[in-house]
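Chemist: Provided herewith is a single structure, encoded as structure tokens, for subsequent inquiry.
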Amino acid sequence: MRKIKIIYILVLVMLLPLQAADRITNVGTTSASFVEVGVGSRAISMGGAYVGVADDVSSLYWNPGGLGRISSGEFIFERIDWLASISFNYFGAVVPLGHYGTLGAFVKSMSMPLMKVRTLNYPDGTGEKFGASSYSFGLSYGRMLTDRFSIGANLKYIREEIWHEQASTFAVDLGIWYQTPLDNLHFGACISNYGPEMRLEGSDLLIYHDPSESKLGNNERIMGELRTEEWPLPLNVQVGLAYDVFDTRLFRLTTAVDAFHPINNSEGVNAGGELAFNENIFLRAGYKSIAQVDSEEGLTAGMGIRYKLFGQSVIKFDYAYTDFGRLNFTNRYTLRLNF
């Protein structure tokens, strides 16, 4: 009973920021929004409440502080049809180095189908087509400092392109994971996308300018460039608790709750859980962005299967459903392999 009371108090403390009176949001004021798309059907189907769990390769995204806990090599591959026919791809891998910690690497990309270039004079198209894409790749490192405390970090390169314009920058993610003195209660925290602002540059912004229109005979085609605004990355701070309600030889039930504070929206909470049968079949459900002012995300659900191939190799297949309200829903499939 004492453990339950402590957990209840911790959850209430995490929910306190949601009671703030100022609910003004900054939606649409950051660059590189694609980095906010979560990774891994397991984490997504648990409502994105994963900072305190962070025990597999998807920790590369959710909380690099959990990488030091991983005891075997693992990679993840994910390809989904995102909203509005956008394509999303992710590949990540981690390799434990024993007492030296765990190394990881990842590549994340998002792209849209080509579209016609339209102008006022050519509303049906000029004959040209343009596209837009975003991608990031990086390296990760995590290490257990004690038998209960782990830290980790990502260093990543972020780039966005639209037709002949592009913007790029570097960013870091920092995370910690802690096994509390209470049995089966884990704590995690992560700050994501900390880095310089981004600004679009490219040949689309080049113009010709006449610096002195009132004078005859001057050069009317001085090359100039339109300067776009700089926009910050979607910085986010997220803390979470994960608790194994029971963990027996045949069954395990893990519940989790995360509180997060992004700079481009109001605070919110993710919550979810996972029921495991003999650590081979998994049922999951959750709810994303609870109490967040400007969000279409909501109910999540999914399942997973674990199958031993040969030797120590294990393949895992995960599925997640996410409700996006007026934007309909998405299905995602994730493949993970331990080696």
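The values are calculated or read from the model by the stated rules, or taken from the named source; none is laboratory data. Fair warning: this is a prediction, and the values are worked out from it, not measured in the lab. Every residue, glycine as well, gets a Cβ built from its backbone with ideal geometry; the counts of neighbours run over all protein chains shown.
Chemist: Given the conditions (1) modelled with pLDDT under 95; (2) exposed (fewer than 15 other Cβ atoms within 10 Å of the Cβ), report the number of the one that Val107 does not fulfil.
Modeler: (1)
Chemist: Which residue is farthest from the chain's Cα centre (by Cα), if the candidates are limited to the stretch 113-148 and must be polar (S, T, N, Q) and more than 27 Å from Val37 (Cα to Cα)?
Modeler: In the first step, residues of the stretch 113-148 are kept if they are polar (S, T, N, Q); the result is 119, 121, 126, 133-134, 136, 140, 146.
Adding the requirement that they be more than 27 Å from Val37 (Cα to Cα) leaves 119, 121, 126, 146.
Numbers: Thr119: 35, Asn121: 41, Thr126: 37, Thr146: 27 Å.
Among those that are polar (S, T, N, Q) and more than 27 Å from Val37 (Cα to Cα), it is Asn121.
Chemist: Also, quick follow-up: Restricting to the stretch 70-124, count the residues that are under 17 Å from Tyr333 (Cβ atoms), assigned to a loop (DSSP other than H, G, I, E, B) and among the basic types (Lys, Arg).
Modeler: Matching residues across the stretch 70-124 total 0.
Chemist: Looking only at the stretch 149-174, count how many residues are within 19 Å of Phe34 (Cα to Cα), among the aliphatic types (A, V, I, L, M) and surrounded by 16 or more Cβ atoms within 10 Å (Cβ to Cβ).
Modeler: Selection size over the stretch 149-174: 5.
Chemist: On to the next question. Checking the conditions here, which among Glu128, Glu74 is surrounded by 16 or more Cβ atoms within 10 Å (Cβ to Cβ) and more than 21 Å from Leu233 (Cα to Cα)?
Modeler: Details: Glu128 fails: surrounded by 16 or more Cβ atoms within 10 Å (Cβ to Cβ).
On inspection, the qualifying residue turns out to be Glu74.
Chemist: Separate question: Yes or no: the stretch 235-243 includes at least one residue that is without any contact (Cβ under 8 Å) to a residue 24 or more places away in the chain and not in a strand (DSSP E or B). Break it down stepwise before answering.
Modeler: To start, the set of residues in the stretch 235-243 that are without any contact (Cβ under 8 Å) to a residue 24 or more places away in the chain comprises none.
Taking every residue of the stretch 235-243 in turn, none turns out to be without any contact (Cβ under 8 Å) to a residue 24 or more places away in the chain and not in a strand (DSSP E or B).
Chemist: List the strands (runs of 3 or more DSSP E) inside the stretch 127-205, counting only whole elements, that have at least 2 residues being under 17 Å from Gly101 (Cα atoms), at pLDDT 95 or above and in contact with a helix residue (DSSP H, G or I) (Cβ under 6 Å, 6 or more places away or on another chain). I'd like the intermediate steps shown before the answer.
Modeler: Working: elements: 132-144, 149-162, 165-179, 185-194.
Result: 132-144, 149-162, 165-179.
Chemist: Another question, then. So which of Asp258, Asp204 is buried (at least 20 other Cβ atoms within 10 Å of the Cβ) and either touching a residue at least 12 places away in the same chain (Cβ under 8 Å) or more than 30 Å from Met46 (Cα to Cα) (or both)?
Modeler: Values: Asp204 fails: buried (at least 20 other Cβ atoms within 10 Å of the Cβ).
The match here is Asp258.
Chemist: Looking at (1) within 30 Å of Phe170 (Cβ to Cβ); (2) surrounded by fewer than 21 Cβ atoms within 10 Å (Cβ to Cβ), which one does Leu233 not meet, given that it meets all the others?
Modeler: (2)
Chemist: Here's something else I'd like to know. Considering only residues that are under 24 Å from Phe88 (Cβ atoms) and outside any strand (DSSP E or B), look in the stretch 303-339 and name the one that is farthest from the chain's Cα centre (by Cα).
Modeler: Arg326
Chemist: A further question on this structure: Among the residues of the stretch 12-46 satisfying the criterion of being in a loop (DSSP other than H, G, I, E, B) and farther than 22 Å from Leu83 by Cα, which is modelled with the lowest pLDDT?
Modeler: Per the stated criteria, the residue is Ala21.
Chemist: Okay, next question. Could you please tell me which pairs satisfy a Cβ distance under 8 Å, a separation of 6+ or placement on different chains, a first residue in the stretch 24-45 that is free of Cβ contacts under 8 Å to residues at least 12 places away in the same chain, and a second residue that is crowded, with 23+ Cβ neighbours inside 10 Å?
Modeler: So the pair list comes out empty.
Chemist: Let me ask something else about it. Yes or no: the stretch 216-230 includes at least one residue that is polar (S, T, N, Q), at pLDDT 85 or above and surrounded by 13 or more Cβ atoms within 10 Å (Cβ to Cβ).
Modeler: Kept after step one, since they are polar (S, T, N, Q), are these residues of the stretch 216-230: 218-219, 228.
Those left that are additionally at pLDDT 85 or above: 228.
Subset that is surrounded by 13 or more Cβ atoms within 10 Å (Cβ to Cβ): 228.
Checked the stretch 216-230: at least one residue is polar (S, T, N, Q), at pLDDT 85 or above and surrounded by 13 or more Cβ atoms within 10 Å (Cβ to Cβ).
Chemist: Can you report the number of residues in the stretch 200-225 which are within 26 Å of Ser33 (Cβ to Cβ) and in contact with a strand residue (DSSP E or B) (Cβ under 6 Å, 6 or more places away or on another chain)?
Modeler: Residues of the stretch 200-225 within 26 Å of Ser33 (Cβ to Cβ): 200-205, 225.
Restricting the remaining residues to those that are in contact with a strand residue (DSSP E or B) (Cβ under 6 Å, 6 or more places away or on another chain) gives 200, 202, 204-205, 225.
Of the residues in the stretch 200-225, 5 are within 26 Å of Ser33 (Cβ to Cβ) and in contact with a strand residue (DSSP E or B) (Cβ under 6 Å, 6 or more places away or on another chain).
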